[in-house]
Amino acid sequence: MDGRKGTLKILDGMIGYRIEGNAEEGQWVRITDYSGTDTEVRVPEEIEGFPVKSIAKKTFLSRKQLRKVILPGTTEEIGDWVFAYCTNLESVWLPRKEMKLGSRIFMECPKVERIYAYDPEGGGANFGKKAGNERDAESQKAALLAAAAGLLDTEYLMSPLEAGSEEWIRKWDAKMKAAMEEGDGEGYTKMILCGEEDYGSSLEEFVKNKRKGKVRLALLRLMNPIGLPEYTEEELKDYLVSHTKGCESEESWEVLLKEYGHKQEYFEKFTEIGGVTEENFDAVLADMPGEYAEMKAFLIRYKAERMENRDFFEGLSLDF
């Protein structure tokens, strides 16, 4: 076994690595660590002429500055906690192939919105750029794959090779459905007995946060409807509308405003499904402070167009 260690300079950081194997059976590279201030890191396919096959556990642990990481098509193994606590990580590119994946790879990575699975033989010309319209098929698959690691916290769905297939989407939706149907108070007693405080100390706070989790799931799936059955779509819409402003509980509106308050596409979807009505319009507007000026203007125009029975979404623009 070789075992020789080295470092590779990349822009504003250093990648640590180790040469594994031997001359007779073949040598390859294991990435062992990263240090630096890069916001984007692309791990090379080869180092010293040997293929990069493994990303060791904790390689990018707690790198708060990271926004985007691209792993090479030669990758065969990703270790435990590789991206754990990368709290600003937004997107990751993984080769669409069979790989050995460790546990909790994306633990405590709340901002990961998309995990793209790319063809390892297709080259990397578009890496680091937006993959077209955020609602196109590949972006939708990437959003669902990221949610498998985040919102659903389901490791058996973390499969770049299967992501986007009919069977994978069916499993994803089954897991989502189970989460949506779980009682709002279910798990509270266990949390208290285990001494966990993630949801606050009261049952009321626990229930509220449970509903917010369901709202996030419903919003994400409606924004990424690839392969979504019509009856499931209606159930998700009904859930969001039943928790909008003016209802007995208002978690849909609270999540929309606080977490997606500057994303017009989410407001478009919310108004489209009936989350903003003539009855709750004034209360909705009153909730929006000055930093939401654009979305406030959007809603004002929405009401005017809607009352005049014109197609609001046709030719919509905030340039006025």
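Laid out as a table, the results:
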| quantity | calculated |
| --- | --- |
| Residue in segment 39-54 that is nearest to residue 87 (Cα to Cα), counting only those that are part of a strand (DSSP E or B) and without any contact (Cβ under 8 Å) to a residue 60 or more places away in the chain | 41 |
| Segment 274-320, subset assigned to a loop (DSSP other than H, G, I, E, B) and open to solvent by less than 30 Å² (accessible area, probe 1.4 Å), residue modelled with the lowest pLDDT | 312 |
| Restricting segment 11-26 to residues that are of a type in the set (A, V, I, L, M) and open to solvent by less than 30 Å² (accessible area, probe 1.4 Å), the residue that is nearest to residue 61 (Cα to Cα) | 15 |
| Any hit, segment 16-38, residues being under 23 Å from residue 112 (Cα atoms), modelled with pLDDT of 95 or more, aromatic (Phe, Trp, Tyr) and assigned to a strand (DSSP E or B) | yes |
| Given (1) modelled with pLDDT of 85 or more; (2) in contact with an Asp or Glu (Cβ under 6 Å, 6 or more places away or on another chain); (3) open to solvent by less than 60 Å² (accessible area, probe 1.4 Å); (4) within 30 Å of residue 45 (Cβ to Cβ), number of the condition residue 207 does not satisfy | (4) |
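Results for (1) over 20 Å from residue 105 (Cα atoms); (2) open to solvent by 50 Å² or more (accessible area, probe 1.4 Å), shown as yes or no for each residue.
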{"residue": "40", "(1), (2)": "no, yes"}
{"residue": "45", "(1), (2)": "yes, yes"}
{"residue": "52", "(1), (2)": "no, no"}
{"residue": "59", "(1), (2)": "no, no"}
{"residue": "63", "(1), (2)": "no, yes"}
{"residue": "75", "(1), (2)": "no, no"}
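The values are calculated or read from the model by the stated rules, or taken from the named source; none is laboratory data. Bear in mind the structure is a predicted one, so any value in this text is a computation, not a measurement. Neighbour counts are summed over all protein chains in view; Cβ atoms, including those assigned to glycine, are modelled from backbone coordinates with ideal geometry. Only protein heavy atoms, including side chains, enter the accessible area calculation; ligands, DNA and RNA are left aside. Shrake-Rupley method; radii C 1.70, N 1.55, O 1.52, S 1.80 Å.
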